[in-house]
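The next block holds one structure in the form of C-alpha cells; read it before the comments.
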Amino acid sequence: MRRLLRPFWVLLALLFLMEAWLWDHLEPLVARAVNLIPWGRFKDWLKHAIADLPPWAALGVFIIPFIVLLPLKFLEVFFIAKRQWLAAAAVLIFAKLLGLGVTAFVFDATRAKLLQMAWFQRMYDWFLWARDWAHAQTGPIRQRLHQLTWLLKPQRAGRFLRRLMRLRRRAYRGGAA
C-alpha cells in the first residue's frame, strides 16, 4: 500500500514546491512592480494601522487583496463572455501576479501580529515543515533529473543513449522473469 501511495505523495510534494517556488521567485518581482505604483503613503499608513490592530483583527486586512482584485475578476468574466480568450488569459495572469504582490505585502505587514496567535503559529510552522518535507520527498527525483539533463548535453548524448538502452534491457529482463 505504501508503494502505491508514493506517486501520490510525490505529486502532492511537487505541487506544494511549485507553489512555494512561485512565491519565492515571483514575490520579489511582483513586489517591485507593485512598488512602481505610487502608493507609498498608503502603504506606510497601512503598516502603521496594522501595528495598532490586535492580532485577530490583522486577519481582516487580508480582505484588501480581494477588494483590489475584484474589478479584474469582473473584467476576466467580461472577456470570457465576449470569447476574447487571449485578453482573459492576460487579465488572469496579471491578476494572479498582482494578487501575489499585494498578498505578500499584506502578509509581511501582518506576520508579527499573526504569529502572536497560537493557532496561526502552529499553522505557519506546519507549512514550513511541509515545505521541508516536500523537498525531502522530491530530492531524489530532482537529483536524478539533474543527472539526466547533464547526460543530455551534446558531448554526452552517446553515453545517455547507451544508458537508456541498458535500462530498457534491464526492464525487459525484469518483466520476462
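Tabulated data
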item: Condition check for residue 164: at pLDDT 85 or above and assigned to a helix (DSSP H, G or I); result: no
item: Qualifying residue in region 71-83 (condition: surrounded by 15 or more Cβ atoms within 10 Å (Cβ to Cβ) and without any contact (Cβ under 8 Å) to a residue 12 or more places away in the chain); result: yes
item: Residue 142 in contact with a His (Cβ under 9 Å, 6 or more places away or on another chain) and either within 30 Å of residue 45 (Cβ to Cβ) or surrounded by 11 or more Cβ atoms within 10 Å (Cβ to Cβ) (or both); result: yes
item: Restricting region 44-96 to residues that are among the basic types (Lys, Arg) and at pLDDT 90 or above, the residue that is farthest from the chain's Cα centre (by Cα); result: 82
item: Test: residue in region 105-126 that is surrounded by 14 or more Cβ atoms within 10 Å (Cβ to Cβ) and farther than 30 Å from residue 45 by Cβ; result: no
item: Helices (runs of 4 or more DSSP H) enclosed by region 11-123 - at least 2 residues per element that are among the aliphatic types (A, V, I, L, M) and in contact with a Gly (Cβ under 8 Å, 6 or more places away or on another chain); result: 63-81
item: Failed item, numbered, when residue 3 is tested on (1) over 18 Å from the mean Cα position of the chain (by Cα); (2) at pLDDT 75 or above; result: (2)
item: So residue 110, is it touching a residue at least 24 places away in the same chain (Cβ under 8 Å), hydroxyl-bearing (Ser, Thr, Tyr) and over 29 Å from residue 11 (Cα atoms); result: yes
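The values are calculated or read from the model by the stated rules, or taken from the named source; none is laboratory data. These figures come from a predicted structure and were not determined experimentally. Positions of Cβ are backbone-derived with ideal geometry, glycine not excepted, and every protein chain shown enters the neighbour counts.
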